[in-house]
Amino acid sequence: VIPYGVYDLANNASWVSVGTDHDTPEFAVASIRRWWQKMGRESFPAASKLLVMADAGGSNGYRPRLWKSELQRLTDEIGLRIEVCHFPPGTSKWNKIEHRMFCHITKNWRGRPLVSEEVVVQLIGATTTSKGLRINAAMDKRNYPLGIEVSDERMQALNLKENKFHGDWNYAISPQVTTE
């Protein structure tokens, strides 16, 4: 299984999608989408933007074109600007998701046989801490194929604005303006 987590620092709550296919940018954005649908929209009804802090590599790294393309799809769906800040290479331990969420998940399932996907989801979803952390989890059995190419034309069409400081790592994607 492949866990992908979203940690809401303000509410000390999180969402984990447990995938069964591949850790792709499409899966990463699908996990953010599910967090928004299940938790975020209710927690932040007046939100005008989301801040996503991500590692520099992997499915949500700053290089995968599909990550940015899928974020554009998400921002178009939910109507919120998504600001992305990537941790510099080699600094993923700065990411609060490691210290405040995944460490407690692994403690919770310590010594327990992970015999099925359902057991993994139940153990992740049963994780809490004395400081009030709540974790919600669900299985994601969708297929996420590898090797999806994003064309130069699609990249040019993204409503992406690079930040002045390390624009390759820090950027915002806003909903597309449609004229109908």
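Being part of a helix (DSSP H, G or I) and touching a Ser or Thr at 6+ places or on another chain (Cβ under 7 Å) is the filter here, so list the residues in segment 68-94 that pass it. Result: Thr75, single match. Screening the candidates Ala46, Ala54, Ala30 for the property of being open to solvent by less than 10 Å² (accessible area, probe 1.4 Å) and farther than 20 Å from Trp169 by Cα yields one hit, Ala30. Scan Gly40, Gly5 and give me the residue that is of a type in the set (Gly, Ala, Ser), part of a helix (DSSP H, G or I) and open to solvent by less than 50 Å² (accessible area, probe 1.4 Å). Just one listed residue meets the conditions, Gly40. When each of Lys38, Lys49 is tested for being of a type in the set (D, E, K, R) and under 22 Å from Thr129 (Cα atoms), the lone residue that passes is Lys38. Of the residues that make up segment 47-64, is at least one under 14 Å from the mean Cα position of the chain (by Cα), polar (S, T, N, Q) and not in a helix (DSSP H, G or I)? No, segment 47-64 contains no residue that is under 14 Å from the mean Cα position of the chain (by Cα), polar (S, T, N, Q) and not in a helix (DSSP H, G or I). Listed by first and then second residue, the pairs linking a residue in segment 96-122 that is of a type in the set (Asp, Glu) to a residue that is part of a helix (DSSP H, G or I) and open to solvent by less than 60 Å² (accessible area, probe 1.4 Å), with Cβ atoms under 9 Å apart and 6 or more places separating them unless they lie on different chains, are Glu98/Ser92.
Being over 19 Å from Met39 (Cβ atoms), surrounded by fewer than 18 Cβ atoms within 10 Å (Cβ to Cβ) and among the small types (Gly, Ala, Ser) is the requirement here; does Ser92 meet it? The answer is yes for Ser92.
The values are calculated or read from the model by the stated rules, or taken from the named source; none is laboratory data. The structure displayed is predicted, hence computed values, not measured ones. Here the Cβ is made from the backbone with ideal geometry for all residues, glycine too, and neighbour counts use every protein chain on show. Areas reflect the complete protein model, heavy atoms only, side chains present, ligands, DNA and RNA absent. Shrake-Rupley method; radii C 1.70, N 1.55, O 1.52, S 1.80 Å.
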